[in-house]
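The values are calculated or read from the model by the stated rules, or taken from the named source; none is laboratory data. Here the structure is a predicted model, which is why all the values come from computation and not from measurement. Using ideal geometry, Cβ is built from the backbone for each residue, glycine included, and neighbour counts are taken over all protein chains shown. With ligands, DNA and RNA removed, areas are computed over all heavy atoms of the protein, side chains included. Shrake-Rupley method; radii C 1.70, N 1.55, O 1.52, S 1.80 Å.
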Amino acid sequence: MSNAMWGGRFTDKPDAVLEAINASIDFDRRFYAQDIAGSKAHVAMLAATGIVSQEDAAKITKGLDQVLREIESGKFTFSRALEDIHMNVESRLAEIVGPAAGRLHTARSRNDQVATDFRLFVRDAVDALGVSLLKLQQALVEKAHAHAGSVMPGFTHLQSAQPVTFGHHLMAYVEMVGRDRGRLADARKRLNECPLGAAALAGTSFPIDREMTAKALGFDRPTANSLDSVADRDFALETLSAASICAGHLSRFAEEIVLWSTPQFGFVTLSDRFSTGSSIMPQKRNPDAAELVRGKAGRVVGALVGLLTVMKGLPLAYSKDMQEDKEGLFDALDTLDLCVAATTGMVDDMVPNLPAMKKSAGAGYATATDLADWLVRTLGMPFREAHHVTGRIVAKASEAKVPLEKLPLAAMQEVEPRITDAVFAVLGVSNSVKSRTSYGGAAPSNVRAQAARWRKRLAKELASLAG
């Protein structure tokens, strides 16, 4: 027996292998709410334009509501033989309302139906992810404000470079996550066009009102070209691209947490809620949450690469290859949301070891640039000459095995006789950090100001979401 939904052309049923490779219901059932919402908007439009009767539209709408209740209550039976969420819903609708259900698919195709469902799903997921990222920013801002003046080493090449503060370091991730939210918001703006009514690829001869369905589903407008409507998944690719960049930011932060929590660094302690032990070594506290955030970034990036590969050679319009657009995206957005939640929890709970951070901040002659800047400001040296003089003074301190601030003035004057004891005011790590007052610099006053700005902005955004 052929498939009841499309089997008029066929006399034999599909092979079991084809049924297995062709069916998508195991994963696209996640579209059920979006699929039913799209169908209700479509049938309302069909009735408004006189394409179906008001009576049939009312029956169909009532039946769709029943299907929705059955799925949400767990009473719905999904069938792989019916391939996808669209056919499963329509088949059950026919059982509930009878022949009127057959009118629902007038002036549409599964091609524009799935494109609409997918956009609705991605839009919902992006909105939820945006809220999660906002809460991560709040956690970072609060921790940064509390530690605006807590000195720690800043690194380049993972070598001590210049002192910064823990708050300044955390605020860097506030800015990154802010751009991540911006990219997702940009992707949402571009995806917010409605493909419904594009039908299989060429539109329809029925007098449909695509503006009506677009408005009913919260889209800004209908898509402008029927081929493009069903043939492209750039909205999913753009979302995955933004998600991949975000996952990369979380992974970098996770790597730092892994390093910071080692005895060798000893900068932070993670709570028991985000650490695990060892089955053989009782002393161990493993930063597994951070390691998993770091590792799971690969899954998000992999989903982007996978979909780029699927789409790169497809001629217009729809091809069944595009069924492969969903599983990777589902997994990527689920994974990213979980990673955001884990990172937020770690930020909330982590306790910085301030003495260890401050001690490390002075290692590796991290205030050498401050010395060079002092030579420029006070003695009027060209910076390149000051750089050379400072390098020689650092070499003397290294030979003496003392930090710069402990090197005797006489030793410095052997290199540059004009140096006075006023130089010691810039050589301590706290003084170094306080001096970085340029916009965006590490001075505690800057960090507090930036944290206050973000606090106000995030509170306003949360209030807007709540309202």
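Surface listing: 296, 358 arranged by accessible area from highest to lowest gives 358, 296, probe 1.4 Å. Approximating the spin labels as points 7 Å out from Cα along Cα→Cβ, the residue 363-to-residue 465 distance works out to 3.8 nm. Considering only the Cα atoms of the stretch 15-95, their convex hull presents on average a projected area of 5.7 nm².
One decimal place: the segment residue 234-residue 200 gains 10.4 nm when fully extended, by the rule 0.36 nm per residue minus the C-alpha distance.
Pull out a ≥ b ≥ c, the square roots of the eigenvalues of the alpha-carbon gyration tensor of the stretch 111-361, then state rounded if a/c is under 1.5, prolate if not and a/b is larger than b/c, and oblate in the remaining case. Prolate, since a/c reaches 1.5 and a/b exceeds b/c. Pairwise Cα distances in the stretch 23-67 exceed 15 Å for 47 percent of all pairs. Mean silhouette area of the stretch 319-446, derived from the convex hull of its C-alpha atoms and averaged over all directions, reads 13.8 nm².
Heavy atoms only, probe 1.4 Å: what % of the accessible area of the chain goes to carbon and sulfur, would you let me know?
It is 55 percent, rounded to a whole number.
Rolling a 1.4 Å probe across the protein heavy atoms gives the stretch 364-435 an accessible surface of 52 Å² per residue. With both labels modelled 7 Å from their Cα along Cα-to-Cβ, the residue 291 to residue 379 distance reads 5.0 nm.
Taking each residue as 0.36 nm, the span from residue 20 to residue 309 lengthens on full extension beyond its C-alpha to C-alpha distance by 101.8 nm.
Annotation for residue 455 and residue 401: the two label points, set 7 Å from Cα along the Cα-Cβ direction, are 4.6 nm apart.
A 1.4 Å probe run over the protein chains yields, for the stretch 231-297, 47 Å² of accessible area per residue, whole-number rounding.
Tell me whether the chain comes out rounded, prolate or oblate; compute the Cα gyration tensor, take square roots of the eigenvalues as a ≥ b ≥ c, and use a/c under 1.5 as the rounded threshold. Taking the square roots of the gyration eigenvalues as a ≥ b ≥ c, the chain is prolate.
For the pair residue 409 and residue 255, a Förster radius of 56 Å applied to the C-beta separation gives a FRET efficiency near 0.85, rounded to the nearest 0.05. Per-residue ellipticity at 222 nm from helix content only, as computed over the chain with -39500 (n - 2.57) for each DSSP H run of at least four residues, stands at -20000 deg cm²/dmol.
Principal axis extents of the Cα atoms in the stretch 160-243, from largest to smallest and rounded to whole angstrom, are 69, 23, 12. The phi torsions of the stretch 430-439, fed into the Karplus equation with coefficients 6.51, -1.76 and 1.60 and a -60° offset, translate into couplings of 5, 5, 4, 5, 4, 7, 7, 8, 4, 4 Hz, rounded to whole numbers, with Gly and Pro shown as x.
The residues of the stretch 16-106 expose on average 45 square angstrom of accessible surface per residue, using a 1.4 Å probe on protein heavy atoms.
The chain: longest stretch without exposed chymotrypsin sites (Phe, Trp or Tyr not before Pro) (DSSP loop, at most 11 other Cβ within 10 Å), sites themselves excluded? The answer is 11-438.
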